[in-house]
Amino acid sequence: MNATKLILALIGFFSLSAAHAGAVEEKKYKTENVIVIIMDGPRYTETWGDSTHQYIPHLANDMAPHGITYTAFRNNGPTYTCAGHTAIATGIYQRIDNAGREYPKNPSMFQYWLKATGNKRQAAYVIASKDKLAVLTDCKNRKWKGQYRPYSDCGVNGLQTGYRSDLTTYERSVEILTKEKPNLVLINFRQPDSWGHAGRWDRYLSSMKKSDEYIYKLFQFIQTNQHYKDKTTLFVTNDHGRHLDGHKDGFISHGDGCEGCRMINCFAYGPDFKKGVITDVTRELIDIPVTIGKMMGFTIEKSKGQVMTELFVDC
């Protein structure tokens with residue numbers, strides 16, 4: 001064999017070896033479904049930051065042993081409902097109209113996933129007590145607008161129809177998950193935020209406990225339902241917090257960069273994740289969809305979010 005043929009043979013060998021190594025390194029995740037649940041607007045001081053966990057007993061006692069709880073999770077963008085949910089859905093912080101009169105600028109994880117998989121629209125769902133969150137089903141980007149849109153079940157009957165109770169949202173979530181079996185879902189429970197704005201401290205606390213109950217029931221559902229059992233990753237977080245006592249009007253409002261508004265909860269559970277871990281790794285809202293993309297086979301363009309590598313069992 002002359003020198004030229006030898007070099008070509010070596011190049012071919014190392015190319016095949018590299019390709020084989022890449023195939024070995026490529027991670028196959030057990031996750032086939034992802035559900036993100038947002039408890040709208042509680043303060044960290046009444047949730048995980050309260051050592052008694054009296055208003056989130058299920059999250060703290062029944063769910064935490066099965067997944068990872070973050071003690072340094074944040075919203076580092078605008079701290080109000082539509083902006084917080086937009087960050088979770090798109091992986092990009094932006095200021096956006098908070099009354100549901102504006103779509104996000106950028107495509108959502110739902111649109112990226114539907115395009116990547118070719119799945120039917122109802123395989124992705126936005127389910128929300130707040131009607132205005134139906135804006136998460138589309139974006140203003142000209143290349144994506146009107147395309148690969150997930151289904152939605154928001155408010156009384158869609159955008160600009162008014163809010164509904166969290167009980168209705170819980171019941172609709174179970175119905176949709178049971179009948180339509182979507183693979184990528186966002187669910188919003190609004191009442192802690194609504195009662196906070198109403199200045200009702202007692203109802204703010206009791207609604208947080210009720211949201212915790214709904215979340216736990218959904219957690220039990222995905223552990224037992226044939227479509228979701230052992231194949232589903234769950235994120236539970238908040239879109240924003242609230243002002244701390246002594247800052248502006250305290251728990252009644254939110255929307256600035258104070259620590260009360262920025263510091264929020266995050267719990268993660270799934271077949272690819274560690275169990276029974278409490279971590280102080282600092283993460284933020286835009287990391288959630290980027291991590292989902294890693295598991296579900298899509299990449300969110302222009303996002304500054306990072307994959308939450310500490311979640312995975314092999315890290």
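Quick check, is A72 part of a strand (DSSP E or B) and surrounded by fewer than 21 Cβ atoms within 10 Å (Cβ to Cβ)?
Judged against the criteria, A72 is a match.
Among (1) out of contact with any Phe, Trp or Tyr (no Cβ under 9 Å at 6 or more places or on another chain); (2) open to solvent by 60 Å² or more (accessible area, probe 1.4 Å); (3) in a loop (DSSP other than H, G, I, E, B), which single condition is E171 missing? All conditions are met except number (3). Within region 98-137, restricting attention to residues that are in a loop (DSSP other than H, G, I, E, B), out of contact with any Cys (no Cβ under 7 Å at 6 or more places or on another chain) and open to solvent by 10 Å² or more (accessible area, probe 1.4 Å), the residue that is nearest to G162 (Cα to Cα) is A99.
Anything in region 208-224 that is open to solvent by 30 Å² or more (accessible area, probe 1.4 Å), touching a residue at least 40 places away in the same chain (Cβ under 8 Å) and farther than 13 Å from H66 by Cβ? List them, or say none. Residues satisfying the conditions are K209, K210, E213, K217, F221.
T45 fulfils the conditions (1) open to solvent by 50 Å² or more (accessible area, probe 1.4 Å); (2) hydroxyl-bearing (S, T, Y); (3) under 14 Å from the mean Cα position of the chain (by Cα) except for a single criterion, (3).
Number of residues in region 195-221 that are more than 18 Å from A60 (Cα to Cα) and of a type outside the set (F, W, Y) equals 7. When the test is whether a residue is open to solvent by 10 Å² or more (accessible area, probe 1.4 Å) and either touching a helix residue (DSSP H, G or I) at 6+ places or on another chain (Cβ under 9 Å) or outside any loop (DSSP other than H, G, I, E, B) (or both), K143 does not pass it. Number of residues in region 262-315 that are open to solvent by 50 Å² or more (accessible area, probe 1.4 Å), of a type in the set (S, T, N, Q) and touching a residue at least 24 places away in the same chain (Cβ under 8 Å) equals 2.
Does T233 meet the test of being surrounded by 15 or more Cβ atoms within 10 Å (Cβ to Cβ), under 21 Å from K28 (Cβ atoms) and in contact with a Phe, Trp or Tyr (Cβ under 8 Å, 6 or more places away or on another chain)? Considered against the rule, which asks whether it is surrounded by 15 or more Cβ atoms within 10 Å (Cβ to Cβ), under 21 Å from K28 (Cβ atoms) and in contact with a Phe, Trp or Tyr (Cβ under 8 Å, 6 or more places away or on another chain), T233 comes out as yes. Candidates in region 181-233 are the residues that are part of a helix (DSSP H, G or I) and among the polar types (S, T, N, Q); of these, the one that is farthest from Y55 (Cα to Cα) is T224. Every test in (1) open to solvent by less than 30 Å² (accessible area, probe 1.4 Å); (2) within 25 Å of I215 (Cα to Cα) is passed by E180 save one, and that test is (1).
What about I35, is it in a strand (DSSP E or B) and surrounded by 23 or more Cβ atoms within 10 Å (Cβ to Cβ)?
yes
Taking region 101-148 on its own, how many of its residues are closer than 22 Å to L285 by Cα and under 19 Å from the mean Cα position of the chain (by Cα)? Residues meeting the conditions: 28. Cβ separations smaller than 7 Å between residues 6+ apart or across chains give the following pairs from region 143-171 residues that are on the phi > 0 side of the Ramachandran plot to residues that are of a type in the set (S, T, Y) and open to solvent by 70 Å² or more (accessible area, probe 1.4 Å): G155/Y163. Only one entry in G241, G162 is in contact with an Asp or Glu (Cβ under 7 Å, 6 or more places away or on another chain), small (G, A, S) and in a loop (DSSP other than H, G, I, E, B), namely G162.
The values are calculated or read from the model by the stated rules, or taken from the named source; none is laboratory data. Keep in mind that this is a model prediction, so the values were computed, not measured. Cβ coordinates were reconstructed from backbone atoms using ideal geometry, including for glycine residues, and neighbour counts include every protein chain displayed. Each accessible area value is taken on the protein alone, full model and side chains, heavy atoms only, with ligands, DNA and RNA left out. Shrake-Rupley method; radii C 1.70, N 1.55, O 1.52, S 1.80 Å.
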